[in-house]
Structures are given as C-alpha cells and as structure tokens.
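Peer 1: Attaching a single structure in structure tokens format; questions to follow.
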Amino acid sequence: MNRRRQHGHHDLADRADNADVAEAPRLDGHERDALPDDGNRYELIDGVLIASPAPQWRHQRASTRLSVLLAGAVPADLEVLAAPFDVTLSDDTAMEPDLLVAPVAALAQRGLDGAPLLAVEIASPSSRTIDRHVKKDRLRRASCPHYWIVDPDEPSITAWALRETDRADGADNADDEPAYDLVGRAVGDEELALTEPFDVRIVPAHLV
C-alpha cells in the first residue's frame, strides 16, 4: 500500500487509548476507495484507515443468525444489511458495520449516506476496544440512534440508544450533546427484550 499508512485494530486501539490518533496521516474516502482488493476490510474513521482481516466462522454465524432474527422483526420500510456495505458519515469517514438497519428509502446502490437507524458490531478479541470506543463515539457524533455490540465469545449483547441529555447514564461524553444510554444487556441464556427501534427479543446463546 504505497505511501499510505494503515492501522490494524490493536494499533488504532492503542492510539485511541493514548489520545495520539492525530499523529496518523489523514486519508479521504476517495483514497480509501482506490485501495486494492486484498481480502481485508477497510474502514475510514476521521481520516484514519482501519484494516480488518476476514472474520472467523464464529463471527459469521452470529452475524447471520442475528441478521435473520432482525429481518423477521423489522417493519416493511426498514432493511437489514450485512457488511460489506458502506456507511458514509463524512469525507473522511466511511464505516462498514457488521450489520445495519436503515430505511429502504435512504439506501443507495452502493451504500448509505449518513448514519443508519441501527449499527451492530460483532466483536472479536482484536476489535473490542475499537468497537466499544472509537466506532461507538463516531456513530454517536453522527447521531446514529441505536448501537449494539454482540460478543460471540461471552456470548453477550449490549444495546445503547442515543438520548438528548447532557449526561446520559453510562455515557462516554460529558458535553451537552446527545449521548448513548445503556438500554439493555444480556449474557448467555438471558433474553434481551427491546421495544426500540422495533420490538425484538434476543438470546445471545442462540446466536452462537
């Protein structure tokens, strides 16, 4: 990858923890789109390129089973899509959530401009910090209403919803901005019952 610097999950996680992400060279969406197809998944967050290897089978099984469950729960005007499918939030941010739910009317042929109604990440050992902090915060800033993380290893599912409060319970930010509020979590055979963004019941153990 000539003259371009890419970051794996561990590298960007370390940079996020050390607050020195600003040192990395910035790319834009056009540069990211021009990268060769080498089997990796490339996402761009605030100009920093994140390279993810092909997911393992456990990740894919959880993604597939949750996708089927969501497809049976969403109303007709919403669509459930799996990665790779671009979510463009700005000129320097193009993400590919493992799963997303968005209005059918908002979808373009190759992606979604703006935040989805729901973004879901299937965590792996190398992605947990990125998923829980970097991606979650970027989606919050883009006003994504709902964000979930599924951890197939635990197994668990954690759900947050964006709230118009100055300091939501469990929120990451302390500014007078919308913040993610923890709305539910289930582990193993526990059932997570949600009424937003639509009625759905999820048992983490059934996803793996």
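The values are calculated or read from the model by the stated rules, or taken from the named source; none is laboratory data. Quick caveat, the model's predicted, so the values are computed rather than measured. Cβ atoms come from the backbone with ideal geometry, glycine included; neighbour counts cover every protein chain shown.
Peer 1: For segment 141-162, which residues satisfy the criterion of being of a type outside the set (D, E, K, R), over 16 Å from residue 99 (Cα atoms) and outside any strand (DSSP E or B)?
Peer 2: Matches in segment 141-162: 142, 143, 155.
Peer 1: Could you check residue 105 against (1) surrounded by fewer than 17 Cβ atoms within 10 Å (Cβ to Cβ); (2) among the aliphatic types (A, V, I, L, M); (3) touching a His at 6+ places or on another chain (Cβ under 8 Å) and say which number it fails?
Peer 2: Among (1) surrounded by fewer than 17 Cβ atoms within 10 Å (Cβ to Cβ); (2) among the aliphatic types (A, V, I, L, M); (3) touching a His at 6+ places or on another chain (Cβ under 8 Å), residue 105 violates only (3).
Peer 1: Among the residues of segment 101-114, which ones are hydrophobic (A, V, I, L, M, F, W, C) and part of a strand (DSSP E or B)?
Peer 2: 101, 102, 107, 112
Peer 1: Go through segment 63-80 and give me each residue that's under 16 Å from residue 147 (Cα atoms) and without any contact (Cβ under 8 Å) to a residue 24 or more places away in the chain.
Peer 2: 80
Peer 1: OK, next. Can you confirm whether segment 125-142 contains a residue that is among the small types (Gly, Ala, Ser), more than 22 Å from residue 73 (Cα to Cα) and crowded, with 22+ Cβ neighbours inside 10 Å?
Peer 2: The answer is yes; a qualifying residue exists.
Peer 1: Check whether at least one residue in segment 91-100 is over 16 Å from residue 41 (Cα atoms), in a strand (DSSP E or B) and in contact (Cβ under 8 Å) with a residue 24 or more places away in the chain, and report yes or no.
Peer 2: So far as segment 91-100 goes, no, none of its residues is over 16 Å from residue 41 (Cα atoms), in a strand (DSSP E or B) and in contact (Cβ under 8 Å) with a residue 24 or more places away in the chain.
Peer 1: Can I ask one more? Being modelled with pLDDT of 95 or more, hydrophobic (A, V, I, L, M, F, W, C) and crowded, with 16+ Cβ neighbours inside 10 Å is true for just one of 66, 27, 44, 49. Which residue is that?
Peer 2: Result: 66 is the single residue among 66, 27, 44, 49 that is modelled with pLDDT of 95 or more, hydrophobic (A, V, I, L, M, F, W, C) and crowded, with 16+ Cβ neighbours inside 10 Å.
Peer 1: For segment 115-140, how many residues meet the condition of being touching a residue at least 60 places away in the same chain (Cβ under 8 Å), of a type in the set (A, V, I, L, M) and part of a helix (DSSP H, G or I)?
Peer 2: Qualifying residue count, segment 115-140: 2.
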